[in-house]
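Student: Input: one structure, supplied below.
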Amino acid sequence: MTHPFAQQKWDVIVIGTGMGGGTIGRALAEAGKKVLFVEFGRAGKRSEANGLSETILPNARLARGLWPQPMSVSLNGNTSEFFAPIGAGVGGSSVFYAATLERPERHDLETTEAMAHPTGGWAVGFDAMRPWYDEAYKRFQVYGAPDPLSKEPAAALRTPPAFNDTENALVDGFQQAGAHPYHAHTALVPGSNCRDCLGRKCANPECKMDGRSAGVEPALKTGNAALLTGAKVTRLLGSNPSIEGVEVLHSGQTFNLTADQYVLAAGALNSPRILLASKSEAWPDGPCNENDLVGRNLMFHLNELFAFWPKGKVETPKPTKAISVRDFYARDGQRFGTLQAMGIKASYGEIHHYLCLMMARSRSGSSRLTRELARIPAALAEKLCGHAQIFVGLMEDLPYPENRVLFDQAAPDQIKVEYQFHDELLKRRKAFRRAILKGTKGMRRAPISLGADLNYGHPSGTLCYGTDPKNSVLNRDCRAHNIKNLWVADASFMPTSMGVNPSLTIAANALRVADRLMNTKED
């Protein structure tokens, strides 16, 4: 029997329900469009509050909203497998995020007097994006304080809660060192009294704002949207200049879904995989891949971890996620990034967990021996760190065509990546590390990263937008150059990774794409 959703032609099918998919789907549904969300993962229960579990059983991971298969990464020619922090369920990875929504700097999107842009600039500049950032701040109910170093008009932020004793002590330490800390921009509903969902699912629909709570759920309440979960998109159907359907595997049944418009929002790792899986006579290399650009220019951030001790005898039981510092965002023409609290205390368990993750991603890979060996530095670090808070320097990555996402027909559910560290990245990493240590002199702090560590939770750039079809997959509206009804609303559109968390830019761009989709007539 054909699935009832296959018997209806939708206005828009949105593939993926994360930060981009949830946001664009809600905007379209509120505008009166009939929207179908198609999600690979399961619906789950609203009462769930699990984190990024390390369980290795595929069904158990999928039940918890996690991508079920280990990710395969060839890093500098050495291949390892590990579970990346990738969601698979309603809300995607965003239900696990720490709700930090930071606006980028102007030089992230365009060339400025002080900083040339490595790609010449995004197809849409900072001033054109600013209204969409403001709208995203409103929809996600973001609170925080303005960056005291910014020369841009302040965003309309809600008033943040007061810093606790530990946070005040850390802020004082940064200020005495000459830095300019501010309250991080955070997507939590004021007054919800929930401070424990950062880095894990939130069971309260009125607390953390993510792709589920600020996207899919409000969209469904309009009556104009529907949700199909547990649905694997096996390929897109059609030929230039149109997508004609989506082939879906659901509960052992394969059927086609049809719409006037289609939005890829499966994430920067999975959206290109769907295109590469859609090879046909019309598209021998997959849709949008005439110039072999689909999946290329993959970027992550580099994580540079530090332990910072608050001055004085203060102890707050909860870790902090409330402090951001942009004094080291760019120096001497070099593109670095933000320094922010991770919401992690320097306890034995947390340090051991992160050491094991770094080892799993290293050339030696993960083994029982390496996990046991990691206990020694973790125990020493806890003894030395005491009640230190962990901060991360998020350093911008740049696009290189050889860094890419692959699709393996023999393992269609596995995410496969090829990535090489370029010399300029490693040099910038050392300079970023030195800048942070020099700029926080006088504070008690220590670097705890073992080496260059990619942030696999921040992929971007695999379907870049631009004005020239020869070097971009999408046009400036994030519509495919040669397919008139295919749009992209996730981090894959980004030409560069910026120096901040990508979530706010994903949401802002999704709102912009929704506006363009509704106001663009078919060619």
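Student: Please state which of the following conditions GLU39 fails to meet, knowing it meets all the rest: (1) modelled with pLDDT under 95; (2) within 18 Å of the chain's Cα centre (by Cα); (3) surrounded by 19 or more Cβ atoms within 10 Å (Cβ to Cβ).
Tutor: (1)
Student: Also: Among ASN509, ASN471, which is the only one that is at pLDDT 95 or above, outside any helix (DSSP H, G or I) and either among the hydroxyl-bearing types (Ser, Thr, Tyr) or within 21 Å of GLU110 (Cα to Cα) (or both)? Write out each step before concluding.
Tutor: Values: ASN509 fails: outside any helix (DSSP H, G or I).
None of the others qualify; the one that does is ASN471.
Student: Another question, then. Name the one entry in VAL124, VAL95 that is closer than 30 Å to PHE40 by Cβ, part of a loop (DSSP other than H, G, I, E, B) and among the β-branched types (Val, Ile, Thr). Break it down stepwise before answering.
Tutor: Numbers: VAL95 fails: part of a loop (DSSP other than H, G, I, E, B).
The conditions single out VAL124.
Student: Test ALA491 against the criterion of being touching a strand residue (DSSP E or B) at 6+ places or on another chain (Cβ under 7 Å) and under 16 Å from ALA266 (Cα atoms), and give yes or no. Outline the logic, then answer.
Tutor: On the way: touching a strand residue (DSSP E or B) at 6+ places or on another chain (Cβ under 7 Å): yes; under 16 Å from ALA266 (Cα atoms): yes.
Yes: the conditions hold for ALA491.
Student: Report yes if ARG434 is buried (at least 19 other Cβ atoms within 10 Å of the Cβ) and in a helix (DSSP H, G or I), otherwise no. Full working, then the answer.
Tutor: Values: buried (at least 19 other Cβ atoms within 10 Å of the Cβ): no; in a helix (DSSP H, G or I): yes.
Taking the combined requirement at face value, the residue does not satisfy it.
Student: Within the group THR440, THR467, which residue is surrounded by fewer than 22 Cβ atoms within 10 Å (Cβ to Cβ), of a type in the set (Val, Ile, Thr) and touching a residue at least 12 places away in the same chain (Cβ under 8 Å)?
Tutor: Numbers: THR440 fails: surrounded by fewer than 22 Cβ atoms within 10 Å (Cβ to Cβ).
THR467 is the lone residue from the list that is surrounded by fewer than 22 Cβ atoms within 10 Å (Cβ to Cβ), of a type in the set (Val, Ile, Thr) and touching a residue at least 12 places away in the same chain (Cβ under 8 Å).
Student: Which members of the range 254-302 meet the condition of being within 27 Å of GLY89 (Cβ to Cβ) and basic (Lys, Arg)?
Tutor: ARG273 - this is the single residue of the range 254-302 that is within 27 Å of GLY89 (Cβ to Cβ) and basic (Lys, Arg).
Student: Are there any pairs with C-beta distances below 8 angstrom linking a residue in the range 202-223 that is in contact (Cβ under 8 Å) with a residue 40 or more places away in the chain and under 18 Å from TRP10 (Cβ atoms) to a residue that is among the hydroxyl-bearing types (Ser, Thr, Tyr) and in a loop (DSSP other than H, G, I, E, B), with the two at least 6 apart or on different chains, and if so which?
Tutor: So the pair list comes out as GLY215/THR17; VAL216/THR17.
Student: Further question on the same structure: How many residues does the range 330-340 hold that are at pLDDT 95 or above and either assigned to a strand (DSSP E or B) or among the polar types (S, T, N, Q) (or both)? So that I can check it myself, show each step before the final result.
Tutor: Going residue by residue through the range 330-340, those that are at pLDDT 95 or above are 330, 334-340.
If we keep only those that are either assigned to a strand (DSSP E or B) or among the polar types (S, T, N, Q) (or both) as well, we get 330, 334-335, 337-340.
The qualifying residues number 7.
Student: Further, regarding this structure: List every residue pair whose Cβ atoms sit under 8 Å apart, with the two residues 6 or more apart in sequence or on different chains, where the first one lies in the range 274-295 and is within 15 Å of LEU237 (Cβ to Cβ) and the second, anywhere, is assigned to a helix (DSSP H, G or I) and not acidic (Asp, Glu).
Tutor: From residues that are within 15 Å of LEU237 (Cβ to Cβ), the pairs are GLY286/LEU275; GLY286/LEU276; PRO287/LEU275; CYS288/LEU275.
Student: Here is a further query. Could we say that ASN485 is modelled with pLDDT of 95 or more, polar (S, T, N, Q), surrounded by fewer than 24 Cβ atoms within 10 Å (Cβ to Cβ) and over 18 Å from the mean Cα position of the chain (by Cα) here? Reasoning before the result, please.
Tutor: Working: modelled with pLDDT of 95 or more: yes; polar (S, T, N, Q): yes; surrounded by fewer than 24 Cβ atoms within 10 Å (Cβ to Cβ): yes; over 18 Å from the mean Cα position of the chain (by Cα): yes.
Answer is yes for this residue.
Student: Could you list all residues from the range 81-98 that are farther than 19 Å from ALA266 by Cα and under 12 Å from the mean Cα position of the chain (by Cα)?
Tutor: First, the residues of the range 81-98 that are farther than 19 Å from ALA266 by Cα: 81-82, 98.
Matches in the range 81-98: ALA98 only.
Student: Sticking with this structure for a sec: When you scan the range 482-502, how many residues do you find that are part of a loop (DSSP other than H, G, I, E, B) and within 17 Å of TYR400 (Cβ to Cβ)?
Tutor: So in the range 482-502, the residues part of a loop (DSSP other than H, G, I, E, B) come out as 482-485, 489-490, 494-502.
Going one step further and asking which of them are within 17 Å of TYR400 (Cβ to Cβ), we end up with 494-498.
So the count comes out to 5.
Student: Taking the residues in the range 165-199 that are among the charged types (D, E, K, R) and surrounded by fewer than 19 Cβ atoms within 10 Å (Cβ to Cβ) as candidates, determine which candidate is modelled with the lowest pLDDT.
Tutor: Initial filter on the range 165-199 (among the charged types (D, E, K, R)): 165, 167, 172, 195-196.
Pick out the ones that are also surrounded by fewer than 19 Cβ atoms within 10 Å (Cβ to Cβ) and you get 165, 172, 195-196.
Values: ASP165: 90, ASP172: 96, ARG195: 60, ASP196: 69.
Across the range 165-199, the extreme among qualifying residues is ARG195.
Student: I'd like to check something: does the range 365-376 contain any residue that is modelled with pLDDT under 95, in contact with a strand residue (DSSP E or B) (Cβ under 7 Å, 6 or more places away or on another chain) and farther than 27 Å from VAL417 by Cβ?
Tutor: Scanning the range 365-376 turns up no residue that is modelled with pLDDT under 95, in contact with a strand residue (DSSP E or B) (Cβ under 7 Å, 6 or more places away or on another chain) and farther than 27 Å from VAL417 by Cβ.
The values are calculated or read from the model by the stated rules, or taken from the named source; none is laboratory data. Keep in mind it's a predicted model, so treat the numbers as computed, not measured. Positions of Cβ are backbone-derived with ideal geometry, glycine not excepted, and every protein chain shown enters the neighbour counts.
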